[in-house]
Amino acid sequence: MPRVLQSWGMKHTPLVIGNWKLNPTSSAEAKALIVAVRAKVRKLQGVTVAVAPPFPFIPDVARLSPSGSV
């Protein structure tokens, strides 16, 4: 399990960001990828997870993200 990091006496939650850059190449691939990511990170505790899909796919991914935001 990830543990809370401490620096300068402050607690920090680890942040994991997936920057998709030029992948996926279609809306269907973006939707499939966010569904797969959701399934994997659902079990994680003590960590914040974010994705950064290519600009054209942000609306599709946002609709499928657990928080509704990307």
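Numbers below:
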{"quantity": "Placed amide H near Val51: partners under 5 Å, 5+ positions off or other chain", "calculated": "Gly18"}
{"quantity": "Listed peptides 55-63, 13-21 by packing density, highest first (mean Cβ within 10 Å)", "calculated": "55-63, 13-21"}
{"quantity": "Two-site FRET efficiency, Leu44 against Leu22, from Cβ-Cβ distance with R₀ of 30 Å, rounded to 0.05", "calculated": "0.70"}
{"quantity": "Inter-probe distance in nm under a simple model that places probes 7 Å from Cα toward Cβ, at His12 and Ala32", "calculated": "3.6"}
{"quantity": "Partner lysines for Lys31 [C-alpha distance under 22 Å; skip if fewer than 8 residues away on the same chain]", "calculated": "Lys21, Lys40, Lys43"}
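Only the coordinates and a few stated rules stand behind these numbers; no lab work does. Please read all numbers here as calculations on a predicted model, not as lab measurements. Cβ sites come from the backbone with ideal geometry, for glycine too, and all protein chains shown count toward neighbours.
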